[in-house]
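Here the structure comes first, spelled out in structure tokens, and everything after it is commentary.
The values are calculated or read from the model by the stated rules, or taken from the named source; none is laboratory data. Since the structure is predicted, the reported quantities are computational estimates derived from the model, not experimental observations. Every residue, glycine as well, gets a Cβ built from its backbone with ideal geometry; the counts of neighbours run over all protein chains shown. Surface areas here come from the heavy atoms of the whole protein model, side chains and all, with no ligands, DNA or RNA. Shrake-Rupley method; radii C 1.70, N 1.55, O 1.52, S 1.80 Å.
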Amino acid sequence: MNDREYMELALELAKRGCGWTAPNPMVGAVIVKNSKIIGQGWHERYGLPHAERNALASCMEPPIGATMYVTLEPCCHYGRQPPCTDAILEAGIRRVVVGSKDPNPLVAGKGIQILQSHGVEVTENVLGEECDKLNEVFFHYIQTKLPYVVMKYAMTMDGKIATCTGASKWITGEEARSHVQRQRHRYTGIMAGVGTVLADDPLLTCRIPDSKNPVRIICDTALRTPLTAQVVTTAHEIPTILSTCCTDQERWQEYEKAGCRMMLVDKKDGHVDLQQLMEKLGQEQIDSILLEGGGTLNWSALESGIVQKVQTYIASKLFGGQEAKTPVEGRGILKPDDAFFLKPGTVTRLGEDFLIESEVVNHVYRDH
């Protein structure tokens, strides 16, 4: 095996931490000596030992003189865990192969410099693009302190998210819906608008074994969420935030008794100021959000510039209907040149459906 193949294994190990490490990154490590893998590990959960230390602990023989492959630059500062650079040096690792540089200002190349200053050979940027992609959430959050927002919706090939009667279950098949559940496990928060709550009364939970539920965030400008809504009645079991512009403390008390956390946000253009909301959520270490809103909230999210990625699940169906709802509504842009542009994305086949994932080109709508 060569450097790329060992790094591929480290990447697969890193993915095992998906959904559990936030707001830390997913990291995998493989230790090789005399062309034989003697240790491997990954960052399993936030607060637990990092990938490098897990790999060293698993070694079947002394790692002195070995090569370590790690998907992200080793940390060199004290946090919940001690520096991984210390462990690497103490173990006598001769060479370290790194996938991504860590953009965390506390690291940002210092980990590599420390290793090199102690005589460790460092090879950088092996499968760098793949390693960067793995931690797109971490990279965004550590540099901006704002959540990485993924706008997700399912639609027919003629762009409808419901029939003309409002019926929307189910547009896509089981495989696509299972994929959505894995996304709910992957991201820290899930956000919807009060319109979705009133129309569908969703639970917004993750329904796959050995998973975690995302923090539920409801954008409710005038506090219209019914006390009987599932997101309220289950709030003692599943963290739920109601983001509102309503300042009536008496009304707040009923929701707080039910277990909801109230988050007061300023009003902007008639609704919750989404940029301010992202700042508040970022301060709560909510590093990522799966946006499962309707057309109104989706438009507001795009217009406010908070969306980093779009996930479009497309069913091989046609609904038709002039009044049938579409994924993005609102006032819309005025000219084609004002569109929200997406980078060329990936297409994945999910049973009879397709998933298109595209990053949003930085763009905030301007009313010309």
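In terms of its C-alpha gyration tensor, segment 240-368 comes out prolate, because a/c is 1.5 or above and the ratio a/b outweighs b/c. Based on every Cα atom in segment 7-132, Rg and the maximum pairwise Cα distance Dmax equal 12.8, 36 Å. Segment 108-176 and segment 271-338 have their alpha-carbon centroids 17 Å apart. Labels on offer are (i) -0.27, -0.47, -0.58; (ii) -0.38, -0.55, -0.64; (iii) -0.35, -0.53, -0.62, and the one holding log10 I(q)/I(0) by the Debye sum over Cα atoms at q = 0.06, 0.08, 0.09 Å⁻¹ computed from this structure is (i).
Taking a sphere under 14 Å around the Cβ of K36 and counting the other residues whose Cβ falls inside, with K and R at +1 and D and E at -1, yields a net charge of -1. Here the Karplus curve 6.51 cos²θ - 1.76 cosθ + 1.60, taken at θ = phi - 60°, turns the phi angles of segment 261-274 into couplings of 9, 8, 10, 7, 10, 5, 8, 9, 6, x, 9, 3, 6, 5 Hz, with x standing for Gly and Pro.
For segment 110-171, the convex hull drawn through the C-alpha positions has a volume of 138 cubic angstrom per residue. Sorting the segments 36-49, 242-255 by their mean number of nearby beta carbons within 10 angstrom, highest to lowest, gives 36-49, 242-255. Largest first, the residues S358, S35 sort by 1.4 Å accessible area into S35, S358.
Please compute the per residue accessible area over segment 277-368 with all protein chains in place, 1.4 Å probe, rounded to a whole number of Å². Walk me through the numbers on the way to the answer.
Numbers: 4790 Å² over 92 residues.
About 52 Å² of surface per residue is accessible.
Largest first, the residues E52, E12 sort by 1.4 Å accessible area into E12, E52. The sum of -39500 (n - 2.57) across all DSSP H runs of n ≥ 4, divided by the residue count of the chain, sets its helix-only mean residue ellipticity at 222 nm to -8000 deg cm²/dmol. Kirkwood radius, segment 124-231, all distinct C-alpha pairs, inverse of mean reciprocal distance: 16.4 Å.
Quantify how much of the Cα-Cα distance distribution of segment 212-253 extends past 17 Å, in percent. Intermediate results must be reported in sequence, preceding the final value.
Working: 241 of 861 pairs.
Here the tail beyond 17 Å accounts for 28 percent of pairs.
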